[in-house]
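Worksheet for the structure shown next.
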Amino acid sequence: KASELLRTYGGGTGAGERFAEWMNGRFGFGKEQKEGTDVLRLPVYQPLVTLDPAEAVFSLSGHMALQLFDRLVQFDAESGKIVPALAHHWESGADGLEWTFHLRKGVQFHNGNKLTAADVVYSVERLKGKRNGWIVRSLDRVSAPSPRVVKFVLNKPNRLFLRFLCSIAMSILPLDLAGLPEDEF
């Protein structure tokens, strides 16, 4: 809004340029003086609709969710391949109905909790009934046979399953957020 006011009323004063320079100095990566914590500031010129990856349909919401959450796998546009992310390895049965993912060790969420297979199960199950729930339409069940192993069973083969796992909606959230409203997480 300040930029809009400066464009409308600040012509010829140089205030717009000084304001832009000041704003650019505020964004990017840095350390907070008081707390000594790392901070990343991004300029956002539109209101965010949601930061919940299961509800993100607009590009800005999706972009911001990607800054906060990771997925089991991700698509590498440069190589054109699906590459490991939170999962370091995966395999599927010959019929394409069962998929097993092995999680990386030592991965932590922003709150310091370690990633477990229960977090993945929670994140996938919560998609049902959400705006982006269509992604799990071919999923029969998801389970956690061990703390770092996640098993997906599909109700029919889906050649796009790995690609679906790359979507923003398939971002993994910590289980301890279960039931909290979005503004609390």
Name the pairs whose Cβ atoms lie under 6 Å apart, with the first residue in the stretch 147-174 and closer than 17 Å to E98 by Cα, the second among the basic types (K, R) and at pLDDT 90 or above, and 6 or more positions between them or separate chains?
-> V153/R141
Just one of S92, S79 is at pLDDT 80 or above, under 21 Å from V121 (Cβ atoms) and of a type in the set (G, A, S); which is it?
-> S92
Could you please find all residues in the stretch 32-43 being at pLDDT 75 or above and open to solvent by less than 50 Å² (accessible area, probe 1.4 Å)?
-> V39
Restricting the stretch 7-31 to residues that are in contact with an Asp or Glu (Cβ under 9 Å, 6 or more places away or on another chain) and open to solvent by 50 Å² or more (accessible area, probe 1.4 Å), the one farthest from V44 (Cα to Cα) turns out to be K31
Given the structure, is A94 more than 15 Å from the chain's Cα centre (by Cα) and in a loop (DSSP other than H, G, I, E, B)?
-> yes
For the stretch 166-185, name all the residues that are open to solvent by less than 50 Å² (accessible area, probe 1.4 Å) and part of a loop (DSSP other than H, G, I, E, B).
-> C166, S167, S171, I172, L173, P174
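Results for (1) open to solvent by 40 Å² or more (accessible area, probe 1.4 Å); (2) in a loop (DSSP other than H, G, I, E, B); (3) more than 24 Å from Q67 (Cβ to Cβ), shown as yes or no for each residue.
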{"site": "G106", "(1), (2), (3)": "yes, yes, no"}
{"site": "H110", "(1), (2), (3)": "yes, yes, no"}
{"site": "V120", "(1), (2), (3)": "no, no, no"}
{"site": "K128", "(1), (2), (3)": "yes, yes, yes"}
{"site": "I135", "(1), (2), (3)": "no, no, no"}
{"site": "R141", "(1), (2), (3)": "yes, no, yes"}
{"site": "F152", "(1), (2), (3)": "no, no, yes"}
{"site": "P157", "(1), (2), (3)": "yes, yes, yes"}
{"site": "F164", "(1), (2), (3)": "yes, no, no"}
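The values are calculated or read from the model by the stated rules, or taken from the named source; none is laboratory data. As the structure is a prediction and not an experimental result, all values here were calculated from the model. As a convention, Cβ positions derive from the backbone with ideal geometry for all residues, glycine included, and neighbour counts pool all protein chains shown. Note: accessible area is taken over every heavy atom of the protein model, side chains too, but ligands, DNA and RNA are not part of it. Shrake-Rupley method; radii C 1.70, N 1.55, O 1.52, S 1.80 Å.
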